[in-house]
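Notes to accompany the following structure.
Where a number appears in this text, it was derived from the coordinates with a stated rule and is not lab data. Values in this document were obtained by computation on a predicted structure and should not be read as measured data. Using ideal geometry, Cβ is built from the backbone for each residue, glycine included, and neighbour counts are taken over all protein chains shown.
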Amino acid sequence: MLCHPLQPTHRTPSSAVIVLAVLLLDHLLTVGGTGPIWFSLPALLIAMVLDWRRTRSRKIRLVYAALYFYLLLGLIPWPQAPMPNPEVVVTKSCRELVYRGKTMRIGLGFHPKGAKAEEGDGRTPEGRYRICSKASDSPFGFWLGLDYPNRNDAWRGRLQGRVSWIELTRWNWFWRSEPPQNTRLGGQIGIHGGGNRKNWTLGCVALDEPDIKDLFQSLPLGTVVEIR
C-alpha cells in the first residue's frame, strides 16, 4: 500500500487583511502627497462578500461583520446635515461681515480668492459653518471657531486626493463638535480680532477689536455663519 506524503496546506490571508493593507497604503500615499488609491471602496465591498462566503464559523462572521460595518459606515458619504439660514454672512469679494443689519469691515486670508482647499494655501473657506468653539484669550483676542473642515469639505478633499479613506472615517465616527483639525485640509479657522486693514490671516476672518467683542458677546455656539 503506497503512502502519499501529506501536501502542505496553504492558508490564504483573509480578504479583510488585504483590504486593511490597501487602506493603510492609501493613507500613506495620500498623506505623503502622492495620491489616493481609488479602488479602495470597491475592494472593500468585494472582500466583504468573499470573507462572508468562505467563513462557516458564526463567531468569525460576527467579527467580520463588525469590521466591515465600521469601515463601510465610516466611508459612506453621509450628507451634511441641513442648516438654517445664516445669522452671519461674510462676503469675501467686498470684505464685509453682516450681522443683524450691521456691516463690519473684515480681513481675510492672504490669498482671498477661491475656497480653502488645503493647509497653508492662505484662502478662507466658503460655505456654511457653525460656531463650534469660543475663547476670549486666543493669540488674537476674542475667538469664534468655525467647524471647518465639515463633511462637505472632507469629501471634496477626498475627491481631490487630499484625504485618505482612513482619515475620512473620522468625520463619520469621531466628529463631535469640532471636526478633525490635523489633515491636509487644514483647520483652526475662525473669526477673531487683530485688525481689518488688509488680507493678512492664514484663512480666518479678522475684525477690529470693537466688532469682534460685539460678536463674541452676541453669538452662541451653534450659530450658522455663511462665507461666500
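Per-residue ellipticity at 222 nm for the chain, helices alone: DSSP H runs ≥ 4 residues times -39500 (n - 2.57), over residue total, nearest 500 deg cm²/dmol?
-11000 deg cm²/dmol
Using modelled amide H (1.01 Å from N, peptide plane; none on Pro or chain starts), what sits under 5 Å from the amide H of G194, excluding residues fewer than 5 places away?
L207, E209
Given a 10 angstrom Cα cut-off, can you work out which residue in E87, E178, E126 is the most mobile in a GNM of the chain?
Largest GNM mean-square fluctuation: E87.
Would you please calculate the Kirkwood hydrodynamic radius of the chain over all C-alpha pairs and express it in Å, rounded to one decimal?
20.1
In nm, to one decimal, how far is the R61 label point from the F110 one, both placed 7 Å along Cα→Cβ?
Each label point is offset 7 Å from its Cα along the Cβ direction, giving 6.0 nm.
Once amide H atoms are placed 1.01 Å from N in the peptide plane, what residues at a sequence separation of 5 or more from S133, or on another chain, have their amide H within under 5 Å of its amide H?
For S133, whose amide H was placed from the backbone, the distant partners under 5 Å are G145.
Restricting everything to alpha-carbon atoms, can you work out Rg to Rh for the range 56-103 with a Kirkwood hydrodynamic radius?
1.50
For E126 and V98, FRET efficiency with R0 = 25 Å and r from the beta-carbon atoms, rounded to 0.05?
0.95
To the nearest 10 degrees, how steeply does helix 15-31 sit against the main Cα axis of the chain, on a 0 to 90 scale?
Tilt relative to the chain: about 30 degrees.
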